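The values are calculated or read from the model by the stated rules, or taken from the named source; none is laboratory data. This is a predicted model, so every value here is computed, not measured. Note that we place each Cβ from the backbone using ideal geometry, even for glycine, and neighbour counts take in every protein chain shown.
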Amino acid sequence: MSTPSIVPNDRLDKDFYLVLEEFGAGAAFRETNEGIDYTTLLDDLLSGQYERVLRIVALNPTEGWSRDASEDVARALELRVATGYYEIGEALRDFIEGQLGHKIGQQLSLL
């Protein structure tokens, strides 16, 4: 007979996002209550709740995977910024452009 988990599985069966941020004393993952979902992550980034983002890690404990989601998040942020509705700071712009390898809104040439 197995012992039931004290953490309900339905709370773990989703994708979580953790932000690695640069602080004065070094880099650390920002503490969250129960992890944040994708939409909340994008909203938090665009509203300036993170100062100097280094990486974003996605994970799903139930499915047993984790990965660097920095480039995917940067692409989603670039699309939102392109609408002209959002003003972003220099640090977030640096994160987006560093992940994408080009300036926000810059068209790539079609050789």
* Structure fact -> Given the conditions (1) out of contact with any strand residue (DSSP E or B) (no Cβ under 6 Å at 6 or more places or on another chain); (2) crowded, with 16+ Cβ neighbours inside 10 Å, every one holds for Ala91 apart from (2)
* Structure fact -> If we ask which residues in region 53-73 are surrounded by 17 or more Cβ atoms within 10 Å (Cβ to Cβ), part of a strand (DSSP E or B) and β-branched (Val, Ile, Thr), their number turns out to be 2
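Residue-by-condition table, conditions (1) free of Cβ contacts under 8 Å to residues at least 40 places away in the same chain; (2) within 12 Å of Tyr17 (Cβ to Cβ):
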residue	(1), (2)
Glu51	no, no
Leu59	no, yes
Gly64	yes, no
Ala76	yes, yes
Glu87	yes, no
Arg93	yes, no
* To do: Kindly provide the set of residues from region 36-63 that are within 15 Å of Asp94 (Cα to Cα), charged (D, E, K, R) and at pLDDT 90 or above, ordered by number.
  => Arg52, Arg55
